[in-house]
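Shown next, in structure tokens, is the structure this report addresses.
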Amino acid sequence: MRLCPLRCTHFILPPKPENAVTVAVSTRVLFRTEREQKVFEQNGVEEYLRYQIEHENEPFAPGPAFPFVKALEAVNARLRELYPQSEELFDIVLVTYNHAHVGIRLINTINHHNLFIERFCMTGGSSPIGYLKAWQTNLYLSADADKVREALAEGIAAATMFVTEKLTEVSESQLRVAFDGDAVLFSDESERIFKAHGLDKFFEHERDNEDTLLDHGPLKGFLEALGKLQKKFYAKGQRLNCPIRTYLVTARSAASSGIRALKTLRAWGLEIDEALFLAGAPKGPMLEKIRPHIYFDDQMFHVEGAAEMGTVAAHVPYGIAQKHNQKRNESARK
């Protein structure tokens, strides 16, 4: 139990996992730990632990997930004002492979940055996936692509984040989350048609199936969780002042293939605040205008294009596009 991060005068407890929207973040995406990672890779675990203890009063610098976590906390502050007794809040869990000895530096860093993170999971090198399920995790963000794939295979929404030097300034009062459509919110069914048979067959398939709902993708549940919190603000007459805003940013064309995506979202009972159908145009310039705290995409070239323009983009390694990415990487190595 501790004082809340916004200098409140009362102590607050984190919500129970069954009531919360739980976001698990790894140390390497919440903070900048490249120097420490290099010590570990070059000198081994004992020297790494010694280094961390020697520097435990030096806080880590913010990493790519830091603005996202701060935005989650800003939403919580607004929710507590409107619903003082409610536990329907974001709950952030710090997940790390670190030994418990490193916990002192992590706690010092969290206090230095005035974050409200009470739940830690320090696994000492073991896989955290089982703990994620116990926490009823709604979203897992990590720098370890293998662990992200493992989480996805267990039905946990997850994405890989990357450190980028160029970061666009983002809102401190409104959480903005942007999603790709196929293989992120939706299944990769339509993407498979496109990869196997080309664009014309894809358009034909979408026209023929526009009244058939797309199956859910790995991040549909996280959008659903965001929507539930949004409705709490709507119920208090704050739709136009809601501190959560969601975006669909898709390479689909509106007239040729957009209607099926929109009908699916409506049938699911999910609202998306803004939908951008780019018809194959680059996503980076649009994301630069949106300035999301995080953007989810299943294709690395979209992630890289967004990152080049300063957007924090996370890779969702799911669906048929991953096989094409692997083939492209293998060809590049030959």
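Helix 34-43 and the long axis of the chain differ in direction by around 70°, with both axes built from C-alpha atoms. Can you tell me the 0 to 90 degree angle between the C-alpha axis of helix 45-54 and the longest principal axis of the chain, rounded to 10? Here the helix axis deviates by roughly 60 degrees.
With a 1.4 Å probe and all protein chains left in place, how much accessible area per residue does the chain have, in Å²?
Numbers: 15970 Å² over 334 residues.
On a per-residue basis, 48 Å².
Note on the chain: GNM, Cα springs under 10 Å; of E165, E58, E118, the largest mean-square fluctuation is that of E165. Springs between alpha-carbon pairs under 10 angstrom, Gaussian network model over the chain: which of L229, L13, L89 fluctuates most? So, out of L229, L13, L89, the one fluctuating most is L13. As a ratio to 2.2 N^0.38 Å, the alpha-carbon radius of gyration computed for segment 157-225 takes the value 1.45. Here the chain has 50 percent of its accessible surface on carbon and sulfur atoms, given a 1.4 Å probe and all protein chains in place. FRET efficiency for the pair S253 and H216, taken as 1/(1 + (r/R0)^6) with r the Cβ-Cβ distance and R0 = 25 Å, rounds to 0.70. Note: segment 240-300, Cα convex hull, 111 Å³ per residue.
Taking every C-alpha pair closer than 8 Å and separated by at least 6 residues, the mean separation divided by the residue count of the chain gives a relative contact order of 18 percent. Taking all Cα pairs closer than 8 Å and separated by 6 or more residues, the relative contact order of segment 15-139 comes to 38 percent. Assuming a ≥ b ≥ c are the square roots of the Cα gyration tensor eigenvalues, decide whether the chain counts as rounded (a/c under 1.5), prolate (otherwise, with a/b larger than b/c) or oblate. Cα axes put the chain in the oblate bin.
Summing Cβ point charges (Lys, Arg +1; Asp, Glu -1) relative to the Cα centre of segment 195-334 gives a dipole of roughly 340 debye. Once the C-beta distance of A61 and D208 is scaled by a Förster radius of 45 Å, the resulting FRET efficiency is 0.30 to the nearest 0.05. Multiplying the residue separation of I53 and Y131 by 0.36 nm and removing their Cα-Cα distance gives an extension gain of 25.5 nm. Taking packing as the residue-averaged number of other Cβ atoms within 10 angstrom, the listed peptides 287-297, 39-49 run from highest to lowest as 287-297, 39-49. Cross-linked pairs K232/K289; K166/K231; K16/K38; K70/K323; K166/K228; K231/K289: Cα-Cα separations exceed 30 Å for K166/K231; K16/K38; K70/K323; K166/K228.
A simple packing score, the average count of other Cβ atoms within 10 Å per residue, orders the peptides 102-108, 64-70 as 64-70, 102-108, with the highest score first. Give me the percent of Cα-Cα pairs in segment 1-150 that sit more than 17 Å apart, rounded to a whole number. Looking at segment 1-150, the distances longer than 17 Å represent 62 percent of pairs. Computed from the Cβ-Cβ distance with R0 of 35 Å, the FRET efficiency linking R35 to S86 stands at 0.30. Once you reduce segment 240-274 and segment 200-224 to the center of their Cα atoms, the two points are 12 Å from each other. Helix-only estimate, please: 222 nm mean residue ellipticity of the chain, summing -39500 (n - 2.57) across DSSP H runs of length 4 or more and dividing by its residues, to the nearest 500. When only DSSP H runs of four or more count, the value is -12000 deg cm²/dmol.
If you place +1 on the Cβ of every Lys and Arg, -1 on the Cβ of every Asp and Glu, and leave all else neutral, what size is the dipole of the chain about its Cα centre, to the nearest 20 Debye? Write out the running numbers ahead of the final one.
Details: 41 positive and 44 negative charges, 101 e Å.
The calculation lands at about 480 debye.
Relative to a virtual label point 7 Å from the Cα of F162 in the Cα→beta-carbon direction, which members of segment 107-140 show backbone nitrogen distances below 20 Å? Only 140 fall inside the zone, counting backbone N under 20 Å.
The values are calculated or read from the model by the stated rules, or taken from the named source; none is laboratory data. Model, not experiment: these values are computed from the prediction. A quick note on method: Cβ atoms are made from the backbone with ideal geometry, for glycine too, and the neighbour counts reach across all protein chains shown. Quick note on the areas: whole protein, heavy atoms, side chains included, nothing else; ligands and nucleic acids left out. Shrake-Rupley method; radii C 1.70, N 1.55, O 1.52, S 1.80 Å.
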